[in-house]
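First up is the structure itself, then whatever we jot down about it.
The values are calculated or read from the model by the stated rules, or taken from the named source; none is laboratory data. As the structure is a computational prediction, the values presented were derived from the model and not from experiment. Heads up, the Cβs are rebuilt from the backbone with ideal geometry, glycines too, and the neighbour counts pull from every protein chain shown.
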Amino acid sequence: MRRATIRIVSTYPWLLDPMPAAVLEALRKGAKLPDMNKGKEAKDVASAKFYRDNEGYAGIPIDNITACLVEAGRSVKNGKKQISVKDKTTLFELVPNFGPPFVRFANIPKGKKEPHWVTDVRRGVGHNANPPVAVAVTRPRLDEVILEPMVIEYDDARVDLAVLVELFRVAGTSNGLCSGRPNKGRMLFGRFKIVEWKEETIATPEDMLVIVRDGVRINRFGQPLEEAA
């Protein structure tokens, strides 16, 4: 097993557009969806569209990154097989640990809780109406993104380093993160690249497993721990 510390930066601006908590709650209750934009200035609408951790700092949920990698796995092979096919993936067998559930932005100015951003308003299509109508889509745009280092643990007996680096490359160029990304239409937002990858060898979960047989501590191969050492 290896533990890798990875630094990711943007190669194109990012557009953030998470679903508001009020909309999620309305969906849960089967209630009418609230109009989150009515009567608000564009900047106020955009400022509410950040992913934040429990302390209010902006960043990206690790789920967004893993979803991006799963999608990229459709184009990347590990050996003779694709990492992801249809609704299945081997990503989490190859990389069983992706670290904490939230990755903060690293380029947050002192005294702030989000990096520099601008209000982005552009034409979209509202498919809730019949027929669909033009709508103004308002989001925060981050022209520069630097993420805090993310940590993964991967099984180097099952996947080579080169395969994982290629997976991140495809994820960053062809898929992207957040809104307006390449694999969701015709826009280029959300693209990224790895600028640093540091890794170290760690014990596998199996190596750390201690089995007691008839009062004797053994490893998974049946060897007494003293002998195995």
### Where a residue in the stretch 12-30 is farther than 17 Å from Met187 by Cβ and its partner, wherever it lies, is among the charged types (D, E, K, R) and surrounded by 14 or more Cβ atoms within 10 Å (Cβ to Cβ), with Cβ under 7 Å and at least six apart
Pro18/Lys49
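Please find, among Asp35, Asp17, Asp53, the residue that is at pLDDT below 95, among the charged types (D, E, K, R) and under 23 Å from the mean Cα position of the chain (by Cα).
Asp17
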### Query
Consider Ala72 against the criteria (1) surrounded by fewer than 16 Cβ atoms within 10 Å (Cβ to Cβ); (2) within 13 Å of the chain's Cα centre (by Cα): it satisfies all of them except one. Which criterion is unmet?
(1)
### When residues of the stretch 130-182 are limited to those that are among the β-branched types (Val, Ile, Thr), in contact with a helix residue (DSSP H, G or I) (Cβ under 6 Å, 6 or more places away or on another chain) and not in a helix (DSSP H, G or I), the one farthest from Ala4 (Cα to Cα)
Thr138
### Query
Within the stretch 100-117, is even one residue in contact with a helix residue (DSSP H, G or I) (Cβ under 6 Å, 6 or more places away or on another chain) and within 19 Å of Ala48 (Cβ to Cβ)?
no
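State whether one or more residues within the stretch 114-125 are aromatic (Phe, Trp, Tyr), surrounded by fewer than 12 Cβ atoms within 10 Å (Cβ to Cβ) and either closer than 23 Å to Ser47 by Cα or over 28 Å from the mean Cα position of the chain (by Cα) (or both). I'd like the intermediate steps shown before the answer.
Going through the stretch 114-125, the residues aromatic (Phe, Trp, Tyr) turn out to be 117.
From what is left, the residues that are surrounded by fewer than 12 Cβ atoms within 10 Å (Cβ to Cβ) are none.
No: the stretch 114-125 contains no residue that is aromatic (Phe, Trp, Tyr), surrounded by fewer than 12 Cβ atoms within 10 Å (Cβ to Cβ) and either closer than 23 Å to Ser47 by Cα or over 28 Å from the mean Cα position of the chain (by Cα) (or both).
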### Query
Just checking, which of Met19, Met36 is farther than 30 Å from Thr90 by Cβ and in a loop (DSSP other than H, G, I, E, B)?
Met36
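Which residues, counting only those in the stretch 41-74, are aliphatic (A, V, I, L, M), in contact (Cβ under 8 Å) with a residue 12 or more places away in the chain and assigned to a helix (DSSP H, G or I)?
Within the stretch 41-74, Ala42, Val45, Ala46, Ile62, Ile65, Leu69, Val70, Ala72 meet the criteria.
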### Task
Go through the stretch 184-215 and count every residue that is surrounded by fewer than 12 Cβ atoms within 10 Å (Cβ to Cβ), farther than 30 Å from Ala162 by Cβ and of a type in the set (A, V, I, L, M, F, W, C).
2
### Message
Consider the stretch 78-129. How many of its residues are in contact (Cβ under 8 Å) with a residue 40 or more places away in the chain, in a strand (DSSP E or B) and either in contact with a strand residue (DSSP E or B) (Cβ under 8 Å, 6 or more places away or on another chain) or more than 23 Å from Thr5 (Cβ to Cβ) (or both)?
### Response
8
